[in-house]
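Undergrad: For reference, the structure I am asking about is given below.
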Amino acid sequence: MLRQITFFLALAASSLAIELTPENYAAETDGKTVFLKFFAPWCGHCKALKPDWDKLMADFEGSATQLVADVDCTTEGQPLCDENGVQGFPTLKWGDASDLQDYQGGRSYEELKKFADENLKPICSLKSIDLCDDEKKAQIKKYQDMTVEELKSEVTVQEGLIEAAEKNFQDEVQKLQAAYEQLNVDKNDAIAKVKASGLGLMKSVIRSKESPEAKDEL
């Protein structure tokens, strides 16, 4: 009976779950502080987290200012995962839907719920400018005074900077990989030369001198 109750509770929670895609992202997150799980169905850690996450989603279902939701990085949600730099599963992010931050806390239900209760509050945004500090208000006004074309151009520039940073990272990682491979080759060559210089013979002679009765296997 207990297993049946648990099953139906899990089923009910999953039925309330919101799965975000590029098509519904703006509508579902509008005016809300969000807590999102970017996942892949085959991921073992994602499967382990699912019951607690589904329960958390049910806790905030229907909220006008808070959203806990899923993003499946293997289906329609993949563009959202790419846009937010998701590289491992599950990745949890939170905050303003247009400026998500990495969640670094614990992943038990109790830890997730505590974090959500304390942080999923109205924050500075276009719909809540009164919550913004003067610096953020000035930034919003600056962007509002720009034309759509100017904004798109600036977005392209900023995204280009991110791409450049990513490319630099990948290039440097490749250099490190090449250096590692060369060091490994050098190490193996050095070890081979030492062994070829007579190391094995020296050890055999030492054994024969220390144990005269031992048979010389040379």
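Undergrad: In deg cm²/dmol and to the nearest 500, what is the mean residue ellipticity at 222 nm of the chain if only DSSP H runs of at least 4 residues count, each as -39500 (n - 2.57), divided by the residue total?
TA: -18500 deg cm²/dmol, from helical runs alone.
Undergrad: If the cut-off is a Cα-Cα distance under 23 Å, which lysines reach K152, setting aside same-chain residues fewer than 8 apart in sequence?
TA: Filter leaves K127, K136, K137, K141, K142, K167.
Undergrad: With a 10 Å Cβ neighbour count serving as the proxy for reagent exposure, in which order, fewest first, do W94, W42, W53 appear?
TA: Going from sparsest to densest Cβ surroundings: W42, W94, W53.
Undergrad: Here is a follow-up. Between K55 and S128, what length comes free when the chain is fully extended (0.36 nm per residue of separation minus the Cα-Cα distance, one decimal in nm)?
TA: Length gained, K55 through S128: 23.4 nm.
Undergrad: Subtract the Cα-Cα distance of Q174 and Q158 from 0.36 nm times their separation in residues, and report this length gain in nm to one decimal.
TA: Working it through step by step, the gained length comes to 3.3 nm.
Undergrad: I need T91, T65 ordered by Cβ neighbour count within 10 Å, fewest first.
TA: T65, T91
Undergrad: Does the chain come out rounded, prolate or oblate, given a ≥ b ≥ c as the square roots of the eigenvalues of its C-alpha gyration tensor, rounded meaning a/c under 1.5 and, failing that, prolate meaning a/b above b/c?
TA: Because a/c hits 1.5 or more and a/b fails to exceed b/c, the chain counts as oblate.
Undergrad: Another one. Based on the mean of other Cβ atoms within 10 Å per residue, sort peptides 67-79, 150-162 so the most packed one is first.
TA: Answer by packing, highest mean first, reads 67-79, 150-162.
Undergrad: Now for a separate question. Classify the range 146-218 from the C-alpha gyration tensor, please: rounded if a/c falls under 1.5, else prolate or oblate depending on whether a/b exceeds b/c.
TA: Since a/c reaches 1.5 and a/b is larger than b/c, the shape of the range 146-218 is classed as prolate.
Undergrad: With helices defined as uninterrupted DSSP H runs, which ones in the chain have an alpha carbon span along their own long axis of at least 27 Å and mean Kyte-Doolittle hydropathy of at least 1.0?
TA: none
Every read-out reported here was derived from the displayed coordinates using simple, explicitly stated rules and does not represent laboratory data. Predicted model only: the values in this text are computed from it and were never measured. Positions of Cβ are generated from backbone atoms using ideal geometry, with glycine treated the same way; all protein chains shown enter the neighbour counts.
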